[in-house]
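The values are calculated or read from the model by the stated rules, or taken from the named source; none is laboratory data. Everything numeric in this text was worked out from a predicted model, so none of it was measured. All Cβ positions, even for glycine, are placed from backbone atoms using ideal geometry, and neighbour counts span all protein chains on display.
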């Protein structure tokens, strides 16, 4: 393909425009026709498979599952290209970002699942865009394309991109251009509280000022806001942290706690700032035990241990339980981590789901029969008291079976039946589930007393 074909425009004076456009582009690339040809070929030689799956309104109201799958496929495709051509991969990242809102706009986002999927996607794409060894010309074009997409974005899917705008610019002169371009707009919008509440590009402006080290201007701009809002104010906190004012940054962040959503992010920020300052013990005690958030208590424990590998895992678990409360819910985490004594203490509170206890009793019959017997007995006690989600007499029968099997391996002063009778009597004395207790009496070979 010739250079003229690559620079094709719809004009009768094609030859003149071709020479002019090519000449200007080559001068901006330090007079290298080879670099220009390489750049243009990069954006034209590859056909992305994901673009067909992210056409406008490609997904319906219930399309979250399919869209999430397609996002994963798109990221995989881009990552494969990044192995050999990181600049082309960055071009693919921009192409996907442009298509997010047009393709996903009809999907029901009320569950938050799609938003999480998009955030995970961008977490992988943004580093590719930042690290791509591209010249200023293609990066300028990428930024313009993404900014247009941000302006059209109906639900701020691209807010993570805007938050890191200064990093994505890479070249200091580009960062400065965007700061000067957006600063007057944001200043005017934030100064007029009666007419403006939202302006696209405010975080891009703040990110650019932050990357340039223009902290005074950033602080002056933030002072125009009518009320605190952590996702925006975090740029001010980050500016203080980058100046080495650790305590001031933490105080600034703490002053902006006003709801649970912001609390989580502020905790994560404060922990990171203290860790960056080398104050690990303080970071752990004040924020580390609260910072990790995953779908399970075991996940929280593992994330905290990874962040503080120098600490004793058992003590970390105990600290997490003391700091966060709800000790009964930490049973599975303690059991999976191998701290069976801590798990037993959690189970004895009677707030652990009986089904969870039954599974643990079953799994440890052979390897840890004493632990299994104690857990099975706790499960039986909780079921007799009517605890658990939709318990059945079959659950009670399984608990007895696991208890008998474990008891046979470890033994005890009382017989297994006598131990169960004692537990039954204790539960009946303080309030019980009649159906469960009747089933237990039948299991132990005697009618329920009148």
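Take residue 425 and tell me if it is part of a helix (DSSP H, G or I) and without any contact (Cβ under 8 Å) to a residue 12 or more places away in the chain. Against the criterion (part of a helix (DSSP H, G or I) and without any contact (Cβ under 8 Å) to a residue 12 or more places away in the chain), residue 425 qualifies.
For residue 437, the criteria (1) within 26 Å of residue 321 (Cβ to Cβ); (2) assigned to a helix (DSSP H, G or I) hold in every case but one, which is (1). Yes or no: segment 66-73 includes at least one residue that is exposed (fewer than 15 other Cβ atoms within 10 Å of the Cβ) and farther than 29 Å from residue 134 by Cα. So far as segment 66-73 goes, yes, one or more of its residues are exposed (fewer than 15 other Cβ atoms within 10 Å of the Cβ) and farther than 29 Å from residue 134 by Cα.
Selection of segment 247-270 for residues being surrounded by fewer than 18 Cβ atoms within 10 Å (Cβ to Cβ) and either assigned to a helix (DSSP H, G or I) or at pLDDT 95 or above (or both) yields 247, 248, 251, 254, 260, 261, 263, 264, 265, 268.
For the residues 89, 103, the requirement of being in a helix (DSSP H, G or I) and more than 20 Å from residue 164 (Cα to Cα) singles out 103. Considered as a group, the residues in segment 352-367 that are under 21 Å from residue 329 (Cβ atoms) and surrounded by fewer than 20 Cβ atoms within 10 Å (Cβ to Cβ) include one that is farthest from the chain's Cα centre (by Cα), and that residue is 362. From the list 204, 189, 239, the one residue that fits, being part of a helix (DSSP H, G or I), more than 23 Å from residue 146 (Cβ to Cβ) and not assigned by TED's automatic domain parsing to the domain that holds residue 150, is 239.
Per the conditions (1) assigned to a helix (DSSP H, G or I); (2) farther than 23 Å from residue 275 by Cα, the sole criterion not satisfied by residue 194 is (1). Within segment 313-332, the residues that satisfy the criterion of being over 19 Å from residue 388 (Cβ atoms) and either touching a helix residue (DSSP H, G or I) at 6+ places or on another chain (Cβ under 9 Å) or surrounded by 14 or more Cβ atoms within 10 Å (Cβ to Cβ) (or both) are 313, 314, 316, 317, 318, 319, 320, 321, 322, 323, 324.
Within segment 203-230, the set of residues being surrounded by fewer than 13 Cβ atoms within 10 Å (Cβ to Cβ) and over 24 Å from residue 176 (Cβ atoms) comprises 226, 227.
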